[in-house]
1. Is it the case that some residue within region 305-323 is in contact (Cβ under 8 Å) with a residue 40 or more places away in the chain, away from the ligand (no atom under 12 Å from the Cβ), in contact with a helix residue (DSSP H, G or I) (Cβ under 7 Å, 6 or more places away or on another chain) and closer than 30 Å to P209 by Cα?
2. Cβ-Cβ distance below 7 Å, separation of 6 or more or different chains: which pairs start in region 355-372 with a residue that is within 19 Å of G317 (Cβ to Cβ) and end on one that is surrounded by fewer than 20 Cβ atoms within 10 Å (Cβ to Cβ) and aromatic (F, W, Y)?
3. Can you tell me which residue within region 188-224, out of those that are part of a loop (DSSP other than H, G, I, E, B) and among the small types (G, A, S), is farthest from the ligand (Cβ to nearest atom)?
4. On the given criteria, is M305 in a strand (DSSP E or B), touching a Ser or Thr at 6+ places or on another chain (Cβ under 9 Å) and surrounded by 15 or more Cβ atoms within 10 Å (Cβ to Cβ)?
5. Could you please find all residues in region 280-302 being buried (at least 22 other Cβ atoms within 10 Å of the Cβ), outside any helix (DSSP H, G or I) and more than 16 Å from the ligand (Cβ to nearest atom)?
6. List every residue pair whose Cβ atoms sit under 6 Å apart, with the two residues 6 or more apart in sequence or on different chains, where the first one lies in region 26-43 and is part of a strand (DSSP E or B) and the second, anywhere, is of a type in the set (S, T, Y).
7. Criterion first (farther than 24 Å from I199 by Cβ and either surrounded by 21 or more Cβ atoms within 10 Å (Cβ to Cβ) or not polar (S, T, N, Q) (or both)) does V5 satisfy it?
8. Count, please, the residues in region 225-268 that happen to be within 16 Å of the ligand (Cβ to nearest atom), farther than 22 Å from T412 by Cα and among the hydrophobic types (A, V, I, L, M, F, W, C).
Amino acid sequence: MESKVPLLLDGEWTQSQSHTFFPVINPANQQVLAQAPDATEQEVELAVQSAQKAFESWRNTPAPVRARLMMNYQALLKQHQHEIAELLSQETGKTFEDAKGDVWRGIEVVEQACNVPSLMMGETLENVANGVDTYSYVQPLGVCFGITPFNFPAMIPLWMFPISVACGNAFILKPSEQDPLTPNRLAELFLAAGFPRGILQVLHGGQRPVNQLLEHPQIKTVSFVGSVPVAEHIYRKGCHELKRVQAFAGAKNHMVIMPDANFNHTINNIVGAACGAAGQRCMAISVAVFVGDAQPWLAALKEAMSTIRPGVWNDSGAAYGPIISMKAKQRVLKLIEQGKAEGAECLLDGSSYQHPEFPQGNWVGPTLFAGVTTDMALYKEEIFGPVLCCMQAKNLEEAIDLINNSPFGNGTSIFTASGAAARHFQQKIQVGQVGINIPIPVPLPFFSFTGWKRSFFGDLHAYGKQAVRFYTETKTITARWLESDIDQVAPNMTIHLK
Ligand code: NAD
């Protein structure tokens, strides 16, 4: 019998009373690692009440004290990063290198949270009118809520709760039911760092607990990362409940290859960006747009993609791991078949790839299509598999138009030796993250990260610097000080503070 994944409720690891469970499956061999509960109504309510109570005193804990606890947390995460990455590899199938990157990117956000006293500083202006000064304070909001996807079970939870908690809030995390073990390990280390009881609660489950929390009057903010349909639902429902919502959604990222791009550098980068993490990244390159003649590029790409293969987490020859679930693999295979039926030319077909030692794994080999057009499902849908679609454009302007007409706007990149072409591209392109001779511009915690168009819903593009703005309110005080009052001050006056 597999173990049940506990909830972190009111500072205690608690077995859920739920009757509904989701199996947590190692996608490389179908081993059931654990069962994740669908948290019950009472458990959700307890989490909110405990978080609210914890918030009342945490908000008054001095910012430098909060920052110091965050430093303890950073040190513990660093100490345990390889052990966390190994656990992460088991439940996601990621290669160990990929898993370590997932954890490390999260640690970088915790480092940013350690800087919270500076990040929360308000503003002042003396003498806005005669004898009047204005100053503002940045204050926490209360109980914040985050819902995270399967594909980065360390980095994405760490995008959310460390910044929110450092700002003085309490946080309820609802990780993906597909890989809840890594978020639980992050929470264990959070407790070990010395944070007070109730400041972080971890609820597992699917849409039921999410919807209950979206409707809960004590939830102040909702942070979501996941697919477009769910992001739309979260954003609509959260806004209807008058919450502050940020919803990072799906993507379809294009890379433009100009004829003057460095050949080998470009080919190597396309392969990694399309197939790395089995294409299960919101920043993966899914469409290559060749400006001018595509033929020499296609031949080299086919050759380069033929040399890589998926494998298990500790196989140093594996370029990437399996697809997260059998269902997700079937969806990728269906899109590959649809592509062929719709007339795209399949230059490399990975749909029947079998791993010799782990035939049960959700493997998909590298897959390359040429002649893809905008009306094909392959182009319109986010594939989330190691599948690259190639297209051609007559010139840079045509490539830019193609990308700007896409409903997604998460990431894009251009490979070129021309500074003028790159500058024109960066100015005209309607996408949030732009790489120049870099395939996937990984967001860093000290920069804002946002998708455009259907890749992001919300008006506070919260990550990096702006994350503090999402998790706080600003209070502006305007005070008049009358010089004539100076003489009136009673020297022995006492003020009673509550
Ligand atoms: P998903 O939308 O299926 O699930 C995300 C979260 O929402 C999970 O915690 C899940 O339990 C919950 N959920 C699912 N259906 C729900 C519903 N009907 N109501 C309420 N909650 C629900 O996404 P996924 O498959 O886990 O992750 C992959 C997706 O995430 C891809 O589309 C990818 O592009 C996107 N993503 C985006 C970013 C970004 O920064 N924009 C980053 C990573 C992943």
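1. Yes, because at least one residue in region 305-323 is in contact (Cβ under 8 Å) with a residue 40 or more places away in the chain, away from the ligand (no atom under 12 Å from the Cβ), in contact with a helix residue (DSSP H, G or I) (Cβ under 7 Å, 6 or more places away or on another chain) and closer than 30 Å to P209 by Cα.
2. W363/Y353; V364/Y353; G365/Y353
3. First, the residues of region 188-224 that are part of a loop (DSSP other than H, G, I, E, B): 193-199, 203-206, 216-218.
Applying the additional criterion that residues be among the small types (G, A, S) yields 193-194, 198, 205-206.
Values: A193: 24, G194: 28, G198: 22, G205: 7, G206: 5 Å.
Residue satisfying both the conditions and the ranking: G194.
4. So M305 fails the test.
5. If the condition is that a residue be buried (at least 22 other Cβ atoms within 10 Å of the Cβ), outside any helix (DSSP H, G or I) and more than 16 Å from the ligand (Cβ to nearest atom), then A288, V289, F290, V291 are the ones that fit.
6. If the second residue must be of a type in the set (S, T, Y), the pairs left are A34/S3; P37/S16; P37/S18.
7. Taking the combined requirement at face value, the residue does not satisfy it.
8. Of the residues in region 225-268, 4 are within 16 Å of the ligand (Cβ to nearest atom), farther than 22 Å from T412 by Cα and among the hydrophobic types (A, V, I, L, M, F, W, C).
The values are calculated or read from the model by the stated rules, or taken from the named source; none is laboratory data. Here the structure is a predicted model, which is why all the values come from computation and not from measurement. Don't worry about glycine lacking a Cβ; one is built from the backbone with ideal geometry, like all the others, and counts go over all protein chains shown.
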